[in-house]
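Accompanying notes for the structure given below.
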Amino acid sequence: MSTTSTTYGARDHARAQAGTVTEAMPAIPASTWPDPPPGIDPAKLTWAETVAGGGYTHKVLARGTELRLTDVEGDACAHVLLYNADQPWERLNVADTVKVQWNAYLGEAIALLSDQARVLATVVTDESGNHDALCGTSTVDGLRLFTLAAAKHGLTPRDLPPSLSFFQGVHVETDGGLTFTGSAGPGKSVVLRTELPVIVLIANVAHPLDPRPDHTVTPLRVLAQRSAPSTPDSPEWTASPEAQRAFENTADYLTARGLA
Amino acid sequence: MTTIISDTEVAARAPYSTVLREGETLAIIDLGGNQAVDFLCYDAADTAKRYSAAATIAAQRNIFLTTGSVLRTGEGAPLLTVVEDTCGRHDTIGGACSKESNSLRYGQHTRYQHACVENFLTEGAKWGLGKRDLVSNVNWYMNVPVEQDGTLGIVDGISAPGLEVKLRAETDVLVLVSNCPQINNPCNGFDPTPVRMIVTGGGA
């Protein structure tokens with residue numbers, strides 16, 4: 001007879017697993033994260049997790065959260081979708097994000113725009129420079145993980161628009177052709193600051209143009225901490241006339257909504 | 001033998017929609033030249049399967065559409081193939097104008113102008129589609145180059161009166177069009193004009 005052949009044995013077996021530490025897992029509560037990087041106060045952490053290659057995660061974040069994504073080993077690819085948490089029909093619009101800001105590439109001071117011309121989040125720090133807003137996620141793996149992550153917020157495949165990819169880059173050539181530029185190497189971080197309460201969906205799978213046949217992808221670190229949203233004198237707010245109007249639209253919405 | 005199933009002139013600023021049966025062909029003719037034709041398509045049997053700019057771009061490794069390009073769903077399934085293109089290339093990344101994005105691009109004074117998202121919502125509602133079904137779209141005839149430093153923008157068109165794109169349906173496809181009403185940028189020469197839609201069957 002095995003030790004799990006009785007309810008008592010099965011209960012003991014299950015309970016004995018508590019406290020196991022693996023590479024990919026969340027810290028609950030986030031403030032117990034063991035090795036916060038310099039400048040991060042563990043008491044302010046609201047989300048601390050390592051997402052395995054091929055894994056996904058999701059969270060609702062308060063407005064004024066700093067979301068730090070780190071490519072731990074150099075082959076993470078953070079496919080990201082954002083929604084206004086109070087009304088998820090408002091969501092990231094990559095076409096508006098690139099068109100309105102006259103820029104095909106993601107980087108510092110780029111506002112991640114919703115389809116309602118508001119700022120869901122901004123890129124405040126970018127150590128990588130290798131990102132992509134054009135190719136979306138890999139058709140099979142990424143879509144499957146986004147579908148699961150979305151479902152956990154009551155959203156369906158109809159709620160999945162084109163996504164962003166952090167840590168694996170693509171360059172557009174003059175003939176419109178795409179060159180995969182890959183990763184900037186291990187340890188690089190990107191920090192996003194949320195400007196609205198947002199649902200964040202993250203799938204850590206290979207970029208669709210990654211030529212490696214075995215879907216190479218390594219762990220992604222996710223650390224979110226309480227901070228403050230942008231103010232009219234923040235560099236993101238004044239990065240461009242278009243960004244300024246997007247922040248003004250956001251402030252207008254928050255005022256009417258009673259959130260600011 | 002080729003049969004004309006429908007032949008429709010879509011007025012400047014107006015929407016249009018139709019269902020193409022597998023094997024049928026839709027010709028989009030730019031009557032006045034440099035008219036942006038905002039375009040979405042769906043698997044008619046299951047509209048949750050819809051055009052994905054990202055999957056289409058990734059599969060062909062190029063942001064421009066032209067002869068031979070295949071418009072794909074997020075799952076990678078082919079919806080439409082460009083079988084003829086006398087213009088040269090078409091946009092996949094600029095998306096649609098909306099009242100909201102106009103407020104960012106030009107200023108709040110443009111918020112009350114007609115926009116493509118209004119057309120998509122109005123026409124899509126006839127087919128049970130709503131805002132969740134609107135994603136990054138194709139802009140036939142719209143010219144959106146990307147500079148080497150990443151600067152992109154809608155610039156003067158490369159189309160001319162009478163140029164034509166022909167799309168063959170690879171399955172039954174619902175097509176949703178906004179004949180772009182934008183008057184603040186060169187996507188349609190600041191002057192929206194009509195386009196002609198000809199659906200043919202029988203091996204066009």
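The values are calculated or read from the model by the stated rules, or taken from the named source; none is laboratory data. All values reported here derive from a predicted model rather than from experimental measurement. For neighbour counting, all protein chains shown are included, and Cβ atoms are generated from backbone atoms with ideal geometry for every residue, glycine included. Only protein heavy atoms, including side chains, enter the accessible area calculation; ligands, DNA and RNA are left aside. Shrake-Rupley method; radii C 1.70, N 1.55, O 1.52, S 1.80 Å.
Listing for the model above:
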quantity	calculated
A:T238 surrounded by fewer than 21 Cβ atoms within 10 Å (Cβ to Cβ), in contact with a strand residue (DSSP E or B) (Cβ under 6 Å, 6 or more places away or on another chain) and over 24 Å from A:K152 (Cβ atoms)	no
The range B:159-204, residues that are of a type in the set (D, E, K, R) and within 19 Å of B:F64 (Cα to Cα)	B:E164, B:K166, B:R168
Single condition B:L152 does not satisfy, out of (1) open to solvent by 10 Å² or more (accessible area, probe 1.4 Å); (2) more than 14 Å from the chain's Cα centre (by Cα); (3) hydrophobic (A, V, I, L, M, F, W, C)	(1)
Top-ranked residue of the range B:54-104 - restricted to ones that are acidic (D, E) and more than 7 Å from every other protein chain (Cβ to nearest Cβ), ranked as most open to solvent (accessible area, probe 1.4 Å)	B:E84
Number of positions in the range A:63-93 that are open to solvent by less than 10 Å² (accessible area, probe 1.4 Å) and of a type outside the set (D, E, K, R)	15
Conditions (1) in contact (Cβ under 8 Å) with a residue 40 or more places away in the chain; (2) farther than 25 Å from A:S240 by Cβ; (3) among the small types (G, A, S); (4) out of contact with any helix residue (DSSP H, G or I) (no Cβ under 6 Å at 6 or more places or on another chain); number of the one not met by A:A78	(2)
A:L61 being in contact (Cβ under 8 Å) with a residue 60 or more places away in the chain, in contact with a strand residue (DSSP E or B) (Cβ under 9 Å, 6 or more places away or on another chain) and under 22 Å from A:Q116 (Cα atoms)	yes
Condition met for B:T47 (in a loop (DSSP other than H, G, I, E, B), among the polar types (S, T, N, Q) and surrounded by fewer than 19 Cβ atoms within 10 Å (Cβ to Cβ))	yes
Of all residues in the range A:99-137 being more than 8 Å from chain B (Cβ to nearest Cβ) and among the hydroxyl-bearing types (S, T, Y), the one that is most open to solvent (accessible area, probe 1.4 Å)	A:T125
Selection from the range A:41-62 of residues that are among the hydrophobic types (A, V, I, L, M, F, W, C), surrounded by fewer than 17 Cβ atoms within 10 Å (Cβ to Cβ) and either in contact with a Lys or Arg (Cβ under 7 Å, 6 or more places away or on another chain) or over 27 Å from A:L143 (Cβ atoms) (or both)	A:A43, A:A62
